[in-house]
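The structure under discussion appears below in the form of structure tokens.
The values are calculated or read from the model by the stated rules, or taken from the named source; none is laboratory data. None of these values were measured; they are calculated from a predicted model. Cβ placement follows ideal geometry from the backbone for every residue including glycine, while neighbour counts extend to all protein chains displayed. SASA here: full protein model, heavy atoms, side chains in, ligands and nucleic acids out. Shrake-Rupley method; radii C 1.70, N 1.55, O 1.52, S 1.80 Å.
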Amino acid sequence: MQYLVVGIILILALLAISVSNKHGIPSLLLFIILGMGFGTLGLEFNDYVFADGFAAVALMVIMFYGGFGTNWNMVKPVAKEAIVLSSLGVVATALLTGLFCHYVLGFGMLEGMLIGSIVGSTDYASVSNILRSKNLNLKYNTAPLLELESGSNDPTAFTMTMVFLSVIIGTEVSIPVLILSQIVIGLAVGFLIAFLIGKLLTQFNLQSDGLYSVFMAAVMLITYAICNLLGGNGYLALYILGIYLGNKEFVGKRDVVFFFDGLTEIMQIGLFFLLGLLSNLPDFLHALPYAAAIMAFMTVLARTVTVYGLMLPFRLRGNQLKMISLAG
């Protein structure tokens, strides 16, 4: 029976993607609504351990393939702007949102900062989905800037979330050491493994092109595991690994692209469907006014103030700044 349900969900998700492409509604939002609909109809699911594990694997795939699909030659001219936004931009947006949650909505200061950290980054899947499905012809390298920024800002949000969770639960850990280790180890592991695998790819030839997809999946899991064991940010390491390998030519690369294209779609569908399925409709409706207020504040003020402030030294154009602000 469960296989029938999964098959129906996937077919409905494909229909949701069709509706998204036709009407401009974010497909990921439709996946969440689909999950909530199944939950309302009686599909019970409360396995948070499984959901956490699935979310971790889904984010691994999304982060790695987000980097793998990044054309470095296209994003290089706007790399500085994107890196500033994906690091300092997330920090500033999260802190401003945290202050709003505390002083306006009445949350505790630490709880407000935790909320700000969780929602402070832009979503790569949503941004890239809209840019690609609409074939937007944005000027001044705005599209590459948005893709690189949205694809690389999750590690910053993850680190901030770890920091405020550690403070809230009283973990005895040095916050500066935690932040530094997340960034430094993540960068080091990502670059080191990427360099080694890049060299390895030129030395051997697997018998079947399809085996390169298996090899890439294995490398992805190993990179994340090693980085986590060393105390680094695994998602940052995966993004760097993806960018490095995605910009190299090797036998079987086309098969890797086809494999991860499909796998990424399945992971996105599953992840956002589970988020909807785990939500409780009465609690959702109760939290909706707070969520709407946070969304409005982030869209109108936090993200806009952050983008305009941080991009001043780069002298971007007015319309470009508006687009970058609203794209979050």
Which of the residues that make up the stretch 166-195 are open to solvent by 70 Å² or more (accessible area, probe 1.4 Å) and either modelled with pLDDT under 90 or more than 19 Å from the chain's Cα centre (by Cα) (or both)?
ILE169, GLU172, PRO176, VAL177, LEU180, VAL184, PHE191, LEU192, PHE195
Anything in the stretch 92-118 that is crowded, with 18+ Cβ neighbours inside 10 Å and out of contact with any Ser or Thr (no Cβ under 6 Å at 6 or more places or on another chain)? List them, or say none.
LEU95, LEU96, THR97, GLY98, PHE100, CYS101, HIS102, PHE107, GLY112, MET113, LEU114, ILE115
Restricting the search to the stretch 33-65, which residues are more than 28 Å from ALA237 (Cα to Cα) and not in a loop (DSSP other than H, G, I, E, B)?
ILE33, LEU34, GLY35, MET36, GLY37, PHE38, GLY39, THR40
Do we have any residue at all in the stretch 238-261 that's more than 29 Å from PRO144 (Cα to Cα) and modelled with pLDDT of 90 or more?
no
Sole exception among (1) free of Cβ contacts under 8 Å to residues at least 12 places away in the same chain; (2) buried (at least 19 other Cβ atoms within 10 Å of the Cβ) for ASN319, by number
(2)
Could you tell me whether GLY106 is assigned to a helix (DSSP H, G or I) and either at pLDDT below 90 or more than 11 Å from the chain's Cα centre (by Cα) (or both)?
no
Would a scan of the stretch 178-201 turn up a residue that is among the charged types (D, E, K, R) and closer than 30 Å to ALA13 by Cβ?
no
Among (1) among the small types (Gly, Ala, Ser); (2) over 25 Å from PRO289 (Cα atoms); (3) without any contact (Cβ under 8 Å) to a residue 40 or more places away in the chain, which single condition is GLY108 missing?
(2)
Tally, over the stretch 1-11, of residues that are open to solvent by 60 Å² or more (accessible area, probe 1.4 Å) and not in a loop (DSSP other than H, G, I, E, B):
7
Of the residues that make up the stretch 152-162, is at least one out of contact with any Pro (no Cβ under 7 Å at 6 or more places or on another chain), surrounded by 15 or more Cβ atoms within 10 Å (Cβ to Cβ) and free of Cβ contacts under 8 Å to residues at least 60 places away in the same chain?
yes
Condition first: open to solvent by less than 60 Å² (accessible area, probe 1.4 Å) and within 17 Å of the chain's Cα centre (by Cα). Now tell me which residues in the stretch 17-40 satisfy that.
PRO26, SER27, LEU28, PHE31, ILE32
If LEU29 satisfies every condition in (1) out of contact with any Phe, Trp or Tyr (no Cβ under 6 Å at 6 or more places or on another chain); (2) under 30 Å from LEU245 (Cβ atoms) but one, which is the exception?
(2)
It is to be established whether one or more residues within the stretch 71-86 are open to solvent by less than 60 Å² (accessible area, probe 1.4 Å) and of a type in the set (Phe, Trp, Tyr).
no
